[in-house]
Structures are given as structure tokens and as C-alpha cells.
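Engineer: What follows is a structure written as C-alpha cells; I'll ask about it next.
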Amino acid sequence: MRRVPYWLLLGMAFLVLGANAGIMAVTSRAEQPCDKATAPLVLTFYYPWYGNPEKTGGSGRWAHWRDVDPVAKKIGSSTNYPLLGAYDSHDPNTIRQHSRWSVEANIHGWIVSWWGHGNFSDQALQRILDTVCPLIKITIYYETVPKPQTPASAAADIVRLLRKYGDHPRWLRTGGKPVVFVYGRAIGEIGVKGWQEVIAFVEKEYPGGAFFQGDRFSAEAAQVFHGLHTYNTAGRLRDKSPEEIRTWCRDSYPKWVKLARDAGKLVALTVIPGYDDTKIRSPGLVVDRFAGESYSIQWEEAIAARPDWILITSFNEWHEGSEIEPSLEHGHKYLELTRHWATQFAPIKPLGERP
């Protein structure tokens with residue numbers, strides 16, 4: 001007997017729950033744009049760079065994992081040990097499982113780390129778009145500008161990306177435009193003014209243009225990018241107690257929201273469960289998880305600041321120990337916390353109403 005796709009079963013379950021609550025039947029959301037005024041989103045940074053030649057249907061080679069010992073359940077390049085073990089990001093089964101977990105946690109989309117055309121991450125991106133649950137939207141984290149690292153090389157790179165993927169039904173859109181997140185490194189490589197040129201070029205060369213979400217909270221960035229965010233707050237949270245973390249959030253989050261809103265731009269705030277990159281850097285940086293207390297405090301204060309989107313760093317950056325993906329050390333704790341808080345920020349809606 002042919003198996004019913006898991007996402008269809010999930011969709012049926014949502015519809016049944018909606019009917020029991022008196023919610024009317026809805027249509028597909030595939031073509032619906034995200035509207036910042038009506039659709040708060042929870043997005044997570046997602047890393048597609050892991051390879052394991054022993055995984056059927058994967059990339060066929062090792063990538064990023066180092067010194068893997070499945071018996072001792074240790075990975076030399078990972079702070080914690082994934083419940084899935086050393087998986088392969090190209091493996092459709094891995095993508096499906098990550099989709100299931102994301103839907104269960106009320107995560108709306110992935111910001112997929114992307115390192116250029118033909119790169120390992122680019123090869124994974126096509127599989128992700130074609131495999132991910134329809135409830136999950138996909139965009140990229142534009143990590144670095146290709147040589148010669150000029151506004152022209154960045155613009156040509158992104159137009160090529162959008163022509164290849166931008167019309168995919170799984171791609172995250174807001175205001176009808178495909179969303180592109182730009183990492184701080186890529187901003188630094190050509191400067192904020194350089195990105196002003198990139199955005200103008202994309203508007204000209206790609207029909208309808210794109211929505212650029214920049215990794216910088218500054219007045220200059222607010223004049224150039226369509227939205228603002230920051231990737232990682234670990235440096236600001238290091239050595240802080242839970243009470244000090246709350247104080248920092250209460251001081252910083254509203255300021256960031258005001259900066260973006262005053263410029264008429266979309267604003268996204270970032271939460272992290274913790275951080276530990278000592279397996280890959282020396283001396284490295286550690287931010288204590290406080291058994292989930294820190295994560296909950298950040299969520300609570302982020303929600304209170306009323307951003308448009310909340311970003312999670314990260315779903316699966318195992319090298320830096322910021323993952324919420326289930327691990328041997330933490331089990332499903334951080335997915336469960338994510339569901340609790342994400343549902344308060346963006347209550348679960350029937351299929352047709354979700355972005």
C-alpha cells in the first residue's frame with residue numbers, strides 16, 4: 001500500500017483541530033506572501049553542510065563532521081551529539097525528519113546557510129526545497145560575496161540565485177518578494193553602500209525585486225536594507241547570569257525594534273539556547289544554557305518587544321553548540337521550549353492562514 005505523506009497527515013490533523021475550534025476550511029498557502037503586519041514568523045538558521053558517506057541517499061562524502069565515534073557517541077567537531085548521529089544534509093530522510101521537528105515546534109521557516117553556486121550547501125538547497133514539508137518556507141543566509149567581492153559580483157550572484165530558486169513554491173516571500181538574508185560578513189565585504197548598489201541592481205534585473213534582510217542594527221543599514229536582524233548575540237550574553245540576560249534583553253530588544261520601525265523597516269529579534277564553540281576554536285566562547293532558563297528569558301523579552309519575526313540561532317549549528325535540534329545531552333527539551341514560546345508569539349493557524 002502506498003504510504004500517505006507525513007505532511008498530508010499533519011495537514012489533516014491541523015484541519016481537524018481547526019474544525020473542532022470552529023475554524024472554517026481554508027485553501028493552500030503556497031502562493032500567499034508573508035505580510036509583516038499580519039503574520040509574525042518564527043524562523044531558524046539552518047545548516048546544510050554535513051556529509052556522511054555511510055548514509056544512503058546522501059552526498060557520498062564526509063563534510064564538516066570530524067572524528068566521528070558512533071559507539072562512544074562523540075564527534076570531534078561537535079559540542080553535543082545529535083540524536084540522529086552524524087547525518088548527511090543531502091539525505092531526504094534527514095530533511096524530512098528536520099521538517100517534522102520544525103512543524104512540531106511551530107517554526108515557520110529555515111534560513112539556510114548558502115556559500116555559492118555549486119557549493120555543497122547549494123547542492124543541498126535544491127533537495128531541501130523539493131523535500132521539505134510544505135508548512136516550512138525556505139530562504140538563504142547569504143554568507144559571502146564571490147570574488148572579486150564587489151557590488152557587481154554580489155548582484156550577479158544573487159540574481160542568478162533568484163532566477164534559479166526564487167519562484168519555488170517553498171521559498172519564503174514577504175510582500176510578494178522572495179526574501180534573502182544577508183550575513184554580517186557579506187555586508188562587511190562590500191560595505192552597506194555596496195549593498196545599496198546590489199539591491200538597486202536586483203530590483204532592475206529580477207522582476208519584482210527581492211526583500212533583503214541585513215545582519216546589522218544601525219541607522220545606515222536601516223536606510224539600505226528592507227529589514228534588520230542580527231545573527232548571534234552570544235558575545236553579548238557571555239558571562240551573564242539569567243537575571244543579567246533579562247536586563248540585557250529588556251534594554252537591547254526594544255531599541256532594535258525602534259531603530260527599524262522608525263525607518264519603516266521590518267525587524268527580527270534573535271534568541272539563542274546557548275553557545276559553545278570550544279571544539280572548533282581556542283579559547284572559544286561559552287554561553288551557559290542554564291537548563292533552558294536563558295532561552296526562555298530571551299523568548300519572553302523578545303515577544304514583549306513586539307518584533308515582526310523572531311529568529312532562532314540555531315536549528316543545527318553543532319560546531320558552535322547553539323542547536324535546538326534534539327541531542328543526546330538535551331533530548332527534545334529545546335524543541336519543546338521552542339513550541340511553547342513560538343506558539344505564544346505566533347499561534348498555530350490553519351494551513352491556508354500560515355505564511
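The values are calculated or read from the model by the stated rules, or taken from the named source; none is laboratory data. Being a predicted model, the structure only gives us computed values, none of them experimental. Cβ atoms come from the backbone with ideal geometry, glycine included; neighbour counts cover every protein chain shown. The area values use the complete protein model at the heavy-atom level, side chains included, leaving out ligands, DNA and RNA. Shrake-Rupley method; radii C 1.70, N 1.55, O 1.52, S 1.80 Å.
Engineer: Pop a pseudo-label 7 angstrom from the Cα along the beta-carbon direction at both S77 and H340 and give the gap in nm to one decimal.
Structural biologist: 3.4 nm
Engineer: Taking the solvent-accessible surface of protein heavy atoms with a 1.4 Å probe, what is the per residue accessible area of region 171-277 in Å²?
Structural biologist: 39 Å²
Engineer: What is the sum of charges, Lys and Arg at +1 and Asp and Glu at -1, for the other residues whose Cβ falls under 13 Å from the Cβ of R160?
Structural biologist: Numbers: positive: R163, K164; negative: D122, D157, E205.
Neighbour charge sum, excluding R160 itself: -1.
Engineer: Taking K258 as the anchor, which lysines have their alpha carbon closer than 16 Å to its alpha carbon, excluding any fewer than eight residues away along the same chain?
Structural biologist: K36
Engineer: If the chain between A291 and D262 were fully stretched, how many nm would it gain, using 0.36 nm times the residue separation less the Cα-Cα distance?
Structural biologist: Contour length minus Cα-Cα distance gives 6.8 nm.
Engineer: Could you pull out every residue, at least 5 positions away or on a different chain, whose amide H is within less than 5 Å of the one on I140? Hs are placed 1.01 Å off N in the peptide plane, and Pro or chain starts have none.
Structural biologist: Amide H neighbours of I140: V112, F181.
Engineer: Collect residues whose amide H, placed 1.01 Å from N in the peptide plane, falls under 5 Å from the amide H of V68; neighbours closer than 5 in sequence don't count.
Structural biologist: So V68 has HN proximity to G76.
Engineer: While we're here: Can you tell me which aspartates and glutamates have their Cα less than 16 Å from the Cα of K279? Leave out same-chain residues fewer than eight positions away.
Structural biologist: D67, D69, D288, E317, E320, E323, E329
Engineer: Right, here's the next one. What shape does the chain have by the C-alpha gyration tensor, where a ≥ b ≥ c are the square roots of the eigenvalues, rounded means a/c under 1.5, and otherwise prolate means a/b greater than b/c and oblate the rest?
Structural biologist: rounded
Engineer: Which percent of the accessible area of region 132-203 is formed by carbon and sulfur heavy atoms (probe 1.4 angstrom)? Mind dumping the intermediate values first?
Structural biologist: Working: 1370 of 2610 Å².
Looking at region 132-203 in its full context, I get 53 percent from C and S.
Engineer: Another one. Tabulate in residue order the Karplus-calculated ³J(HN,Hα) for region 142-157, using 6.51 cos²θ - 1.76 cosθ + 1.60 with θ = phi - 60°, rounded to whole Hz; enter x for Gly and Pro.
Structural biologist: In residue order, the calculated couplings are 6, 7, 7, 8, x, 4, x, 6, 10, x, 5, 5, 5, 5, 5, 4 Hz.
Engineer: Specify whether the C-alpha gyration tensor of region 230-355 places it in the rounded, prolate or oblate class, a ≥ b ≥ c being the square roots of the eigenvalues: rounded for a/c under 1.5, otherwise prolate if a/b is larger than b/c and oblate if not.
Structural biologist: Details: a/c = 1.82, a/b = 1.25, b/c = 1.45.
Because a/c hits 1.5 or more and a/b fails to exceed b/c, region 230-355 counts as oblate.
Engineer: What net charge is computed for the residues neighbouring T230, neighbours being all others with C-beta under 10 Å from the C-beta of T230, Lys and Arg scored +1, Asp and Glu -1?
Structural biologist: Working: positive: R216, R236; negative: D215.
Around T230, the charge tally is +1.
Engineer: On the accessible surface of region 251-355, probed at 1.4 Å, how many percent belong to carbon and sulfur atoms?
Structural biologist: Carbon-and-sulfur percentage of accessible area, whole number: 53.
Engineer: Oh, and also: Quick one: grab the alpha carbon gyration tensor of region 294-337, order the square roots of its eigenvalues as a ≥ b ≥ c, and give me rounded if a/c is under 1.5, else prolate or oblate depending on whether a/b is larger than b/c.
Structural biologist: It comes out prolate by the Cα gyration axes.
Engineer: To continue, here is another question. Quote to one decimal, in nm, the extra length available between H168 and R306 on full extension: 0.36 nm per residue of separation minus the C-alpha distance between them. Walk me through the intermediate numbers first.
Structural biologist: Working: separation 138, 0.36 × 138 = 49.68 nm, distance 2.98 nm.
Stretched fully, the H168-R306 segment lengthens by 46.7 nm.
Engineer: Now for a separate question. Which pairs break 29 Å Cα to Cα here: K193/K265; K147/K204; K55/K177; K147/K177? Numbers along the way, then the final one.
Structural biologist: Details: K193/K265 17 Å; K147/K204 22 Å; K55/K177 36 Å; K147/K177 27 Å.
Correct reply: K55/K177.
Engineer: Have a look at the DSSP beta bridges in the chain and tell me what percent are antiparallel, nearest 5.
Structural biologist: Of the beta bridges lying entirely in the chain, close to 20 percent run antiparallel.
Engineer: Using helices alone, what [θ] at 222 nm do you get for the chain, with -39,500 (n - 2.57) per DSSP H run of 4 or more residues, divided over all residues and rounded to the nearest 500?
Structural biologist: Rounded to the nearest 500, it is -12000 deg cm²/dmol.
Engineer: Using a cut-off of 13 Å between beta-carbons, work out the net charge of the residues near E143 (Lys and Arg +1, Asp and Glu -1, E143 not included). It would help to have the intermediate numbers written out before the result.
Structural biologist: Numbers: positive: R185; negative: D122, D157, E189, D215, E317.
Spelling it out: positives minus negatives among the neighbours equals -4.
Engineer: If I model a spin label at A152 and A219 as a point 7 Å from the Cα along the Cα→Cβ vector, what separation in nanometres do I get?
Structural biologist: Simple spin-label model gives 3.3 nm for this pair.
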